[in-house]
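**Student:** I'd like to ask you about the structure that follows.
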Amino acid sequence: MTINVNDYPQLRQLCWNRPGHAVVDGETALALYERNWRFVDRDAITPREQELLDHLAAEYGNGRLMIG
């Protein structure tokens with residue numbers, strides 16, 4: 001699975017140091033969310049981005065987001 005970070009506002013914020021046209025794989029996206037969750041504006045997560053999070057957790061995270 002490849003993900004265009006510009007399609008997901010919170011992921012785009014987490015990829016601030018990557019080119020504007022960055023694409024990441026699913027495992028990398030999940031790792032970025034989990035490692036940097038403290039920077040995610042949970043109130044600003046769009047329904048589409050929530051669907052992505054749910055999919056990433058199911059596919060790569062054994063059904064769980066490891067955020068803390």
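**Student:** Test each condition in (1) assigned to a helix (DSSP H, G or I); (2) surrounded by 12 or more Cβ atoms within 10 Å (Cβ to Cβ) for I67 and report the one that comes out false.
**Tutor:** (1)
**Student:** Which residues, taken from region 19-64, are more than 20 Å from M1 (Cα to Cα), surrounded by 16 or more Cβ atoms within 10 Å (Cβ to Cβ) and of a type in the set (D, E)?
**Tutor:** none
**Student:** A follow-up question, please. Of the residues L11, L52, which single one is in contact with a helix residue (DSSP H, G or I) (Cβ under 6 Å, 6 or more places away or on another chain) and not basic (K, R)? Explain how you work it out, then say what you get.
**Tutor:** Details: L52 fails: in contact with a helix residue (DSSP H, G or I) (Cβ under 6 Å, 6 or more places away or on another chain).
None of the other options fit; the residue is L11.
**Student:** If the Cβ limit is 8 Å and pairs must be 6+ apart or interchain, which residue in region 6-32 that is without any contact (Cβ under 8 Å) to a residue 12 or more places away in the chain pairs with which residue that is assigned to a helix (DSSP H, G or I)?
**Tutor:** Within 8 Å, the pairs are R12/V5; R12/N6.
**Student:** Say we look at region 26-38 and pick out the residues that are under 11 Å from L11 (Cβ atoms) and outside any loop (DSSP other than H, G, I, E, B); which of these is farthest from the chain's Cα centre (by Cα)? Quick ask: steps written out before the conclusion?
**Tutor:** Initial filter on region 26-38 (under 11 Å from L11 (Cβ atoms)): 28-30, 32-33, 36.
Cutting the leftovers down to outside any loop (DSSP other than H, G, I, E, B) gives us 28-30, 32-33.
Numbers: T28: 8, A29: 5, L30: 5, L32: 6, Y33: 5 Å.
Only one residue fits best here, namely T28.
Taken together, the values in this text are just the output of simple stated rules run on the coordinates, not laboratory data. None of these values were measured; they are calculated from a predicted model. In this analysis, Cβ positions are derived from the backbone assuming ideal geometry, glycine residues included, and neighbour counts consider all displayed protein chains.
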